[in-house]
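Let me begin by presenting the structure, written as structure tokens, before commenting on it.
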Amino acid sequence: MVAIVRVKESIKTPAGKSSEPAMGNELIPHERYISKDFMRLEWERMWSKVWLIGCREEEIPEIGDYITTEIGQESLLIVRGDDGVPRTLYNICNHRGNRVKFDECGNSQTLVCAYHFWEYDLTGKLINVPDVEDFHQGCPSEKLSMKPVRTETWGGFVWFNLNPDAEPLAEYLGVLPQHLDPYHFENLAMTMDVTVEWDCNWKTSVDAFNEVYHVQGIHPELFYTIDDVDVQIDLYERHNRYLVPFKTYSPRLGEVLEEVPEVLAGELRALGMNPDEFTGRVSEIRRAVQLFKRENESVLGHDYSEMNDDQLSDDYHYYIFPNITMNVHAESMLFFRQRPHETNPDKMYFDVRMFQAIPKGKSRPPLPDHERVKHGERSLGLVLDQDSVNLPHVQKGLHSEAFQGLWISHQERRIRHMHKTLMDYINGHYANDA
């Protein structure tokens, strides 16, 4: 007898299919991936107008904690003030242009430039200038304080927007808080933090993770753990998602499996289920996992009451425009942030972070060290290694005179949707937000 646990009706991730916007079938021009002129347009009309994730709140828990982050050629300093509020500042001293903080993170009661020791408080206000009397024009703090950046928080993340007149973060995110709040991202613990410099455009990376069409080519082992065919795609105003069934197998195998594949059996053992005792069809394992979690949530130490059944087994995969990819599961999230290179459209920074829900009664692990590596210097795991091996070759191919643009299938329409949103910014559709 399986216990039935009622899902809370007040908060629930919508699982229904969204309507499909008309986006056409045109080639996506390859110039968008290789042109420095287009890279400049992206900065002027998109990157400087959208909400971006700067850090986790858990990275700056105490007053005076700060972290530096980069987007394009800008360095930003995110600091928790005396009032406990996170703020983002341009990481620039307004004396001679030195960066106020060189390191990735730290704690400081004031922000002191290392060049001439100009001093700012934790809100960025200029509070001390050595030999101030020697500045005959004066040093007015209202003119020379560090420039603030729009900052808000959601989901345990600190977000910033370089556009001072941008819409509120909640308006930018649209339906996503309703979709994702049941996961309680603010309670997740970061367990991996790696930045890889990849030899490709940031969109080349985004594309790689916004479709499952490539699974049959480079991830054949996933045929035995996911259904890469019956995938629901939902396209919203700026953002999108797909729902990928896990704990099952691909119809592309062309057969009905009679025995539990070892890779799937390993996943069941990790959950606490004994695959040797499973007597149903292999196609029924996904539902069995859902019911097992419902029945054993107190033993597993997780509260699933705000989630629908499919969330207990599947990958709810969200793309937050322009550069966030979230593989969201009931107890974990694999998070990607794709950032453009400062000057080169053929390079980018790929931030990979793993988050885990901490079972009730277990201690929260310490934050992981941040690793910075170049492509190929470190394994990111089998699947990500398989994805990344293609990317520099794709980027080189985008430069070929023989290649005119991306020929996108219906399965890959999240890529087309991303480009529609990008071009909406480039062409001024969101000009009122600028």
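The values are calculated or read from the model by the stated rules, or taken from the named source; none is laboratory data. Computed from a predicted structure; not experimentally measured. FYI the Cβ positions are ideal-geometry reconstructions off the backbone, even for glycines, and counts take in every protein chain you see.
A few points about this structure:
Table: residues versus (1) assigned by TED's automatic domain parsing to the domain that holds M326; (2) outside any helix (DSSP H, G or I); (3) out of contact with any strand residue (DSSP E or B) (no Cβ under 9 Å at 6 or more places or on another chain); (4) closer than 26 Å to L188 by Cα.
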{"site": "S363", "(1), (2), (3), (4)": "yes, yes, yes, yes"}
{"site": "D369", "(1), (2), (3), (4)": "yes, yes, no, yes"}
{"site": "S379", "(1), (2), (3), (4)": "yes, yes, yes, yes"}
{"site": "V383", "(1), (2), (3), (4)": "yes, no, yes, yes"}
{"site": "N390", "(1), (2), (3), (4)": "yes, no, yes, no"}
{"site": "V394", "(1), (2), (3), (4)": "yes, no, yes, no"}
{"site": "H399", "(1), (2), (3), (4)": "yes, yes, yes, no"}
{"site": "I408", "(1), (2), (3), (4)": "yes, yes, no, no"}
{"site": "M418", "(1), (2), (3), (4)": "yes, no, no, no"}
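- Only residues that are surrounded by fewer than 17 Cβ atoms within 10 Å (Cβ to Cβ) and modelled with pLDDT of 95 or more were counted across region 196-223, and they come to 1.
- Residue under evaluation T151, criteria (1) in the same structural domain as R80 (by TED's automatic domain parsing); (2) over 20 Å from the mean Cα position of the chain (by Cα); (3) closer than 27 Å to E57 by Cβ, criterion not met: (2)
- In region 323-342, residue farthest from the chain's Cα centre (by Cα) [restricted to those that are among the polar types (S, T, N, Q) and farther than 27 Å from S75 by Cβ]: S332
- Residue in region 4-14 that is modelled with pLDDT under 95 and polar (S, T, N, Q) present: yes
- Hits in region 78-120 - residues which are charged (D, E, K, R), touching a residue at least 12 places away in the same chain (Cβ under 8 Å) and under 19 Å from G138 (Cα atoms): R96
- Put simply, of I63, I67 the only residue that is surrounded by fewer than 19 Cβ atoms within 10 Å (Cβ to Cβ), under 26 Å from W159 (Cβ atoms) and without any contact (Cβ under 8 Å) to a residue 60 or more places away in the chain is I63.
- Of all residues in region 137-155, those being touching a strand residue (DSSP E or B) at 6+ places or on another chain (Cβ under 6 Å), assigned to a loop (DSSP other than H, G, I, E, B) and either within 26 Å of F355 (Cβ to Cβ) or in contact (Cβ under 8 Å) with a residue 60 or more places away in the chain (or both) number 1.
- Test result for V79, among the aliphatic types (A, V, I, L, M), under 30 Å from T151 (Cβ atoms) and touching a helix residue (DSSP H, G or I) at 6+ places or on another chain (Cβ under 9 Å): no
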